[in-house]
Structure formats: C-alpha cells, structure tokens
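Every number in this text was worked out from the coordinates using simple rules, so none of it is lab data. It should be emphasised that the depicted structure is a prediction, and the values quoted were computed from it without experimental measurement. FYI the Cβ positions are ideal-geometry reconstructions off the backbone, even for glycines, and counts take in every protein chain you see.
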Amino acid sequence: MSADIHSEAFIQEAQELLQELEASLLELEDDSENTELIARIFRAMHTIKGSGAMFGFENIAHFVHDIETAYDMVRNGELRVSKPMLDYSFKSCDVIKQMLDDSSVRAESGEALEIITFFRGCRKDTGDAQNTVPEHQDEPEQGPERTYRIRFEPSENIFLTGTNPAMLLEELQAMGESEIITHITRIPEIEELDPECCYTFWDVILTTSKTENDIRDVFMFVEDESVLKIDVIYESGLDEENYRKLGEILVEKGEVSAEDLAAIIKEKKMIGEMLIEKGLVEQDAVVSALEEQKYIKNLKAKKAAAENNTSLRVPSEKLDSLVDLVGELVTVQARLNQTAASMGDSGLSKIAEDVERLVWELRDNTMSIRMLQIGTTFSKYKRLVRDLAKDLGKDIELVTKGEETELDKTVIEKLGDPLVHLVRNSVDHGIELPADRIAAGKSPRGKITLSAEHSGDSVLIRITDDGKGLDKKVLMKKAAEKGLISENAELSSKEAFELIFLPGFSTAAAVSNISGRGVGMDVVKRNIEALRGTIEIDSSIGKGTEITLKLPLTLAIIDGLLVRIGEQFFIIPLSMVNECIEFKESLHRTESGRCILKVRDDLIPYLKLRSIFFIPEEEPEIQQIVILDIENNRIGFVVDSVIGDHQTVIKSLGKSFKKVECISGASVLGDGSIALIIDVMKIYNSVG
Amino acid sequence: MIEMRMEKQADGKTILHLSGELTISNVRPLYERVCEGLKAPEELTVHIGNVDAIDCTFLQVLCTAHRAYTAKGKSFCVKLDDCGIIGKAGWSGIAPGKKCAKGLFGTCFLIQEGE
C-alpha cells in the first residue's frame with residue numbers, strides 16, 4: 001500500500017476518534033469525575049498522537065502531546081477537569097480537524113498555540129514544571145496483556161517502616177484493570193490487637209501488559225519482609241476454554257488440598273459452602289476465589305463483545321460499485337425470468353427462480369451493508385447545540401433518541417446539512433433566553449430532542465424544541481410584508497407554518513451569524529425532497545415546535561409501481577400510491593372542464609402525465625388513474641396502463657439529463673428497456 | 001491531627017465523631033476509646049467525616065471492635081460521609097453495598113444498617 005493509502009486510513013480513523021472524543025467530552029461536562037470517560041478521552045488522544053506520528057502527521061502528534069499529558073494527569077488524579085479545560089478540549093478537536101484537512105496548520109501558531117499554552121499551564125499549576133515538550137517520547141515496550149493474581153501479605157510491622165500498603169495497591173491499580181480483594185480474617189480479637197500492626201492482606205487480580213518484574217518492582221522495598229506471590233491466571237489467546245472452577249482455583253492457591261477437594265466434590269453440594277462448613281477453608285478464601293472467577297468471566301465476556309464488534313473498513317466507493325453491480329444483476333435476472341417464461345422450459349424456469357431468490361438475498365445483504373446507524377451523526381449535533389447555546393447565552397440540553405435507527409449511508413450524508421440548519425434554527429429561534437423562559441414559567445434550561453424511528457419503509461426524524469413556538473399571525477404579517485401572500489389571505493395554521501419554507505422568508509428580528517438571513521429553510525425543504533422525503537411542521541405558541549422529516553430508508557432501490565404511457569415506461573414510488581382505478585375521461589369530465597374526479601364522495605384533482613411529459617401518442621379510451629397520497633392530500637396521475645409493482649434499482653440520469661424536470665432517475669427493465677422514475681414531489685409542488 | 005468528639009444521645013447511644021488524619025499515628029486513641037466503650041453498657045456509632053487521610057489501621061480497629069461489640073450483643077455502627085475513603089485506605093474492594101469478604105456470608109460494619 002502506498003503512503004497515501006496509509007494517510008487516508010489515518011485520516012478516517014482520526015475523524016472517527018474525534019467524533020468519539022467530542023461525545024466523551026460532552027458527557028464529561030455533566031460527569032466530570034467519570035474515570036471511564038477520562039480514560040476514553042486519554043486513549044483517543046493517545047491514539048491520535050501515536051498514529052499521527054506514525055503516518056507523518058507530525059503537527060498533530062506535536063499538538064496533541066500536551067493535551068494527552070493533561071488528561072493523563074487527570075486520569076492519575078493529579079489534575080481536575082475544569083470548564084476551561086473542556087472548552088479548550090473542544091477547540092482542540094476543531095484544530096485537529098483543520099490539521100487533518102490542511103497539513104500546513106502548525107501546532108505552534110494561532111489557536112493551536114493558545115490551546116497548547118493552556119494545557120502546558122495546567123501542568124505547571126500542578127507542579128509539573130517541565131515545559132519542554134518531548135517530540136515523540138518512546139513508549140516503553142509493552143508485553144502481551146495478561147491477568148495476574150497477586151497475593152500480598154505485608155509484614156505486621158510494615159507501617160513502622162514508613163510504608164503504607166495502600167500506596168502499593170494504588171500503584172498496581174494504575175497498571176491496568178484490577179479487582180482488589182481485602183482479607184481481614186487475621187485481624188485478632190480486640191484485646192489482642194496491636195493497633196499499629198498490619199493484619200490485613202490482599203489478593204489483587206490485575207489485567208495489564210506489564211511484566212511480572214514490573215509488578216515486583218512495586219514491592220521492591222517491602223518484598224523481603226512480605227509474602228508476595230504472583231501467578232498468571234489468564235492470558236489472551238491461551239486457555240480459551242471455560243475458566244477453572246472454584247475448587248481448582250483454591251487448590252492452585254494452596255487454600256485446600258486436592259484430596260480434600262475430591263472428597264467434597266463427592267458430596268455434590270456447593271463447593272464453597274461445603275469447604276467452609278467442613279472448616280477446610282476460611283470463608284474469605286472462598287470469597288476471594290469467587291471474585292477471581294467472576295473477574296475472569298467478565299474479562300472474557302468483554303473480550304468476546306469486542307471480537308463481535310470487529311469490523312472491516314472498506315472504502316464507500318467500493319460499496320457503491322457493489323450496489324451498481326447488484327443493480328445490473330437484478331436487471332439481468334429479470335431478463336432471465338422473461339426469457340425462461342417465453343421459452344416455456346420448466347427446467348430453465350426453475351433455474352431462473354433460484355437465481356431470482358439468490359439475487360434478492362444478495363440485494364438485501366448489499367443494501368444492509370450500506371445501512372448506518374443515524375446515531376453516528378447525532379453526536380455532532382450535541383457539540384453544535386453546546387457551542388451555539390454558549391454563544392447566544394442560552395442553556396440548552398439536546399436529547400437524542402433512536403440513535404440505533406439505520407438509514408442508507410447516502411441518505412445520512414445528504415441529511416447532514418438540512419439537519420444542521422434545523423437544529424440551529426431551534427437553538428436560535430426556538431429556545432428562549434433563560435430569563436424569558438423563567439418569566440414564561442418554564443425551566444431556564446431549554447430542551448431540544450432529536451429523534452429517529454422507523455415507520456414502514458421510511459424513517460421519521462423529528463426535531464422538537466420546548467421553545468416559544470411559531471406565531472401564525474407574525475408569520476402571516478411577515479409574509480404579507482414581503483409580498484409572499486396577500487394582506488387578506490386566510491391560511492390554516494399548517495399553511496402559515498409552511499410559509500417559512502418560502503424563499504427569502506425570515507422572521508428573525510436581527511440577522512445573526514447563526515440564522516435569520518432567510519436563506520436556508522427553502523433549501524432545507526428542497527434538499528429533503530431531493531431525498532424523496534417530506535418535511536412537516538407542527539407548533540404551538542409558548543410550548544414549542546416539532547419538525548418531522550420523513551425519509552426513505554435507501555436511495556438505491558425503491559418499490560415502485562410500473563406504469564406505461566404510450567411506448568414509455570414510468571415508475572411511481574409505491575409508498576405514495578393509494579389506489580388505482582379505471583379512468584374514462586368521457587365519464588369523469590366535469591362541466592367546468594376542471595380535472596376533478598369523484599371517488600367514493602371524495603373529490604380528487606388529477607393530472608395527465610401524458611401532458612406533463614409531452615407524449616404525443618393518442619390516449620386509449622380506457623386509461624388508469626393512480627391515486628397518490630402526498631402530504632395528506634390525494635391527487636391522481638392519469639396513465640395508459642398500470643403494469644404492476646416493480647423493485648427498482650435507481651440509476652442516475654447523468655449530466656446530460658440534469659435539467660429534465662419531474663424525473664428523478666431511471667431504471668432498466670428486464671427486457672432492457674428504460675423506465676423513468678417520476679419525481680412526484682416536484683410535480684405536486686409545480687401544480688400547487 | 002485527628003479530631004475525636006463524643007456525643008451522648010438521649011436514648012443512651014453514643015456517637016463518636018472522627019475527622020482529620022485517621023492514620024497509624026493517631027490510631028491508638030481510637031483503639032482505647034472503643035475498648036473503654038466495650039466495658040461500658042453503651043451502644044456506639046462511629047461517624048467518620050472530613051477525612052484528610054486514612055489508612056487500614058483505623059479500619060482494622062473498627063473491624064475488630066465491630067466483632068467484639070456484636071459478640072457482646074451491643075450495637076456498633078459506622079457511618080461514612082465519603083465511601084471513597086475506604087479505597088484510599090487500601091481496603092479497595094470493600095465498600096458499602098459491595099460487601100467485604102466477611103460481609104458476603106456474615107455481617108460487616110461497613111454494611112450495617114444506618115449506612
């Protein structure tokens with residue numbers, strides 16, 4: 001692989017780590033003592049630094065060094081997390097992103113220098129006066145990860161030598177994940193106790209990549225007067241069978257003889273209870289063994305979970321190409337079906353059926369590979385809300401729900417900008433200032449909820465805020481001032497809310513750098529519709545606003561209704577189709593000549609697709625009308641005939657057809673002919 | 001410096017307030033106090049708060065005192081303002097709710113009622 005490929009891999013990894021890092025920092029803001037979060041942040045910084053140096057991103061490695069050091073100090077309890085530290089940590093994520101995009105961004109200039117200076121200051125404040133930054137300190141060699149059992153029985157006089165055993169245990173804990181079992185059975189009765197002696201001893205189960213010698217070094221000054229026994233009880237890759245049973249651990253630790261154990265086993269009772277009952281083992285020895293067993297079980301469970309998460313990184317272009325190939329395969333398979341049917345060969349038909357089954361399985365699997373959890377993008381909105389709220393002097397909590405909801409990666413990518421705009425709007429226009437909220441009898445802290453859920457073949461994404469809501473009167477007044485509606489227009493609430501989607505509409509009293517330029521909501525709507533989605537608003541004054549986006553699960557394949565007009569085939573997205581009925585124009589023509597159809601007491605306007613697409617052939621006497629449900633309105637499309645449902649692999653039309661209106665793509669049919677996919681929303685919007 | 005303050009309650013119970021440095025250099029006064037209490041017909045609650053330092057000598061005294069009081073049918077209870085101090089004393093793995101080796105089968109002063 002070339003250096004470029006390595007660099008690309010690093011950039012991808014670093015971007016993912018930055019996402020994790022930001023999510024962890026946001027959590028840390030609410031829970032600054034959470035050691036797991038601190039460790040996660042440290043690890044992310046450490047990996048970015050290490051990999052950065054390895055792949056030639058020296059500026060990143062140099063920049064991250066001081067931040068990593070500060071978090072290492074936090075991890076070791078030498079430094080406390082502060083608000084400025086978190087602010088600078090967030091800024092550092094932005095700088096790292098800049099450095100990933102532009103290698104000329106230096107660590108010792110501009111904002112990067114300000115951040116480094118801050119984190120160096122943190123070290124100084126804690127007495128670590130080392131101001132020089134080692135460029136790339138070599139990490140000590142790490143061995144394979146092992147789990148040790150360390151029995152430490154200090155001498156009774158350990159305190160008199162000036163050693164506190166607690167400090168030694170803390171040193172062990174710093175080496176890795178650990179569990180400490182404290183034995184107190186040797187503490188004598190009160191009359192016999194010398195309060196200045198140490199009667200306590202410990203078993204430490206420690207998982208670390210340090211060696212046995214490293215562990216012994218901790219006890220260097222007390223080992224001669226103490227009992228120190230170190231055993232490897234688990235090593236990754238070895239002894240993968242079920243971990244030893246309780247009795248085996250006790251025998252190994254010398255707590256019970258193998259003979260006594262065998263005698264107990266014969267009685268077929270709980271080993272621990274029996275051994276204690278018979279006075280063969282102290283109960284704390286059993287407890288210690290049980291803790292050890294539990295620790296290893298947990299360790300193995302964590303390892304298994306990590307292995308299950310193993311994934312393979314594949315460039316998304318390769319996935320796109322795979323989807324294209326599957327699309328071709330679907331087309332060929334349809335032709336095979338047609339050919340087999342026309343030949344009347346039962347053997348060939350059977351093969352065609354088998355191929356069809358396999359192709360659909362392959363298609364479903366390929367599609368599922370492209371599905372990503374939307375939660376991967378949610379985290380960036382937390383940061384967005386945090387920063388915007390801070391700039392505006394607001395206190396806002398962003399709650400996310402349904403992060404596990406899956407969407408096609410292309411949909412997720414294209415959803416980014418509209419969603420950013422909607423969230424920004426909620427922060428800027430929706431949520432009020434704390435004082436205003438208190439005056440309105442609300443909590444000073446506003447809440448924005450970003451949720452996702454499946455609904456049939458679509459995903460619903462909702463942005464809900466508990467802010468001031470949309471004021472119908474204000475919206476209408478503004479629209480009238482801008483000449484978007486007449487002064488006397490009568491609009492329903494829903495229609496009034498939708499005014500904000502008109503180009504150039506904005507009610508913000510002051511234009512801010514966040515929103516209020518009236519550029520955006522029309523673009524948001526257009527972008528959502530380009531994804532074959534819809535956008536709806538519901539709002540209540542004083543209570544808040546809810547914006548619902550309805551998006552297709554995937555953009556690559558749709559369930560369509562195949563129809564024909566003249567010699568041309570068209571596909572209408574099946575999710576919008578309500579019903580199909582026979583249509584004879586002579587029977588349905590109204591006196592006024594308006595295109596209105598009466599279906600079971602419902603008056604439904606209809607359009608002739610033949611006219612929209614300028615198809616010259618003569619209309620057949622009996623046509624079909626496909627009734628669609630669009631934004632809770634019913635509308636009919638008149639076509640020559642309805643052929644049936646059709647799984648459609650969407651092909652883009654290419655640059656030459658970019659300006660073709662009302663068509664969103666094309667699909668190749670089984671016989672090789674082309675079917676055009678109708679952009680229903682565009683037609684609907686164009687006719688009002 | 002250790003601060004040790006006795007508080008007699010109307011119901012006859014005694015509360016022993018401990019704070020400061022609960023380390024080997026100050027453990028003997030506590031030991032002597034609990035031994036005295038064992039001779040008197042009193043029930044003892046040890047309240048530990050505002051701890052600057054603690055080591056396992058203090059916990060050993062409390063542990064053996066608990067056993068002795070219980071054996072005599074007296075109540076002995078420890079209340080901790082900060083459970084984290086137990087870990088700092090090298091008694092990691094023992095914390096209220098988690099139980100110590102003794103606590104798993106029997107009772108432990110760290111998981112006494114009143115915690």
Scan around A:Ile485 for amide H atoms under 5 Å from its own, H built in the peptide plane at 1.01 Å from N, and keep only partners 5 or more places away or cross-chain. A:Ala480
Averaged over its residues, how many other protein chain Cβ atoms are within 10 Å of peptide A:197-204's Cβ atoms? 4
With θ set to phi - 60° and the Karplus curve 6.51 cos²θ - 1.76 cosθ + 1.60, what are the ³J(HN,Hα) couplings of the stretch A:187-204 in order, to the nearest whole Hz, using x for Gly and Pro? 5, x, 5, 4, 5, 8, 6, 9, x, 9, 9, 9, 9, 7, 9, 9, 10, 10
Residue-wise, which Karplus ³J(HN,Hα) couplings in Hz belong to the stretch A:342-350, taking 6.51 cos²θ - 1.76 cosθ + 1.60, θ = phi - 60°, and x for glycine or proline? 6, 7, x, 8, 5, x, 5, 4, 5
What does the average come to when, for each residue of peptide B:60-69, you count the partner chain Cβ atoms lying within 10 Å of its Cβ? 5
With Cα coordinates, the longest principal axis of chain A makes an angle with the long axis of helix A:3-30, in degrees rounded to 10, of 80
Crossing angle, helix A:83-101 versus chain A [Cα axis fit, 0-90 degrees, rounded to tens]: 60
Pairing the Cα long axis of helix A:58-75 with the longest principal axis of chain A, what angle in degrees results, from 0 to 90 and rounded to the nearest 10? 60
Rounded, prolate or oblate: pick one for the stretch A:146-308, where a ≥ b ≥ c are the square roots of the eigenvalues of its C-alpha gyration tensor, a/c under 1.5 means rounded, and failing that, prolate if a/b is larger than b/c, else oblate. oblate
Collect residues whose amide H, placed 1.01 Å from N in the peptide plane, falls under 5 Å from the amide H of A:Val459; neighbours closer than 5 in sequence don't count. A:Leu551, A:Leu553
With all pairs of different alpha carbon atoms counted, what Kirkwood hydrodynamic radius in Å does the stretch A:557-686 show? 15.2
May I ask you to list the trypsin sites (Lys or Arg not before Pro) in the stretch A:1-110 that are in a DSSP loop and have at most 16 other Cβ atoms within 10 Å of their Cβ? A:Arg80, A:Arg106
Residue by residue, what Karplus-based ³J(HN,Hα) values in Hz, rounded to whole numbers, does the stretch A:495-504 have, using 6.51, -1.76 and 1.60 with θ = phi - 60° and x for Gly and Pro? 5, 5, 4, 6, 4, 5, 8, 6, x, x
Per residue of A:282-288, other chain Cβ atoms within 10 Å number on average 4
For the stretch A:259-412, what does the convex hull of the Cα positions come to per residue, in cubic angstrom? 282
Give the separation of the Cα centroids, the stretch A:181-200 to the stretch A:364-404, in Å. 55
Calculate for chain A the 222 nm mean residue ellipticity that helices alone would give, adding -39,500 (n - 2.57) per DSSP H run of length 4 or more and normalising by residue count, nearest 500 deg cm²/dmol. -14000 deg cm²/dmol
If you keep only loop residues by DSSP, which GluC sites (Glu not before Pro) in the stretch A:183-226 have at most 12 other Cβ atoms within 10 Å of their Cβ? A:Glu189, A:Glu191, A:Glu192
For the A:Glu273, A:Leu86 Cβ pair and Förster radius 35 Å, calculated FRET efficiency rounded to 0.05 is 0.10
Can you give the direction-averaged projected area of the convex hull of the alpha-carbon atoms in the stretch A:316-372, in nm²? 3.6
How many nm is it between the label spots at B:Arg5 and A:Asp387, if each spot is 7 Å from the Cα in line with the beta carbon? 5.1
Once both label points are put 7 Å beyond Cα along the C-beta direction, the A:Ser641-A:Lys229 separation in nm becomes 8.8
Taking amide H atoms as placed 1.01 Å from N in the peptide plane, list the residues 5 or more away in sequence, or in a different chain, whose amide H sits under 5 Å from that of B:Cys77. B:Leu44, B:Thr45, B:Val46
For a quick protection proxy, order the peptides A:475-481, A:55-61 by their average other-Cβ count within 10 Å, most packed first. A:55-61, A:475-481
Taking r as the C-beta separation of A:Glu585 and A:Ile674 and R0 as 35 Å, the FRET efficiency to the nearest 0.05 is 0.80
At 7 Å along the Cα-to-beta-carbon direction for both A:Ile541 and A:Asn76, put a label point, then send me their distance in nm to one decimal. 6.2
Near-label residues of the stretch B:47-81 by backbone N, under 18 Å of a point 7 Å along Cα→Cβ of A:Glu189: B:61-74
5 Å-binned pair-distance histogram of the stretch A:416-459 (Cα, whole percent): 5, 20, 19, 18, 15, 12, 7, 4, 1
Estimated translational D of the stretch A:374-552 in µm²/s (Stokes, Kirkwood radius over Cα pairs; 10 °C; 1.306 mPa s): 95
Largest-first semi-axes in Å of the equivalent ellipsoid built from the Cα gyration tensor of the stretch A:59-125 are 21, 11, 10
Quick check on packing: order A:461-470, A:62-71 by the mean number of other C-beta atoms within 10 Å, highest mean leading. A:62-71, A:461-470
If only Cα atoms are counted, what is the Rg of chain A, and what is its Dmax, in Å? 34.4, 113
Below 8 Å, C-alpha to C-alpha, sequence gap of six or more: please give me the relative contact order for chain A in percent. 8
Can you tell me, using C-alpha contacts under 8 Å and at least 6 residues apart, the relative contact order of the stretch A:557-686 as a whole percent? 31
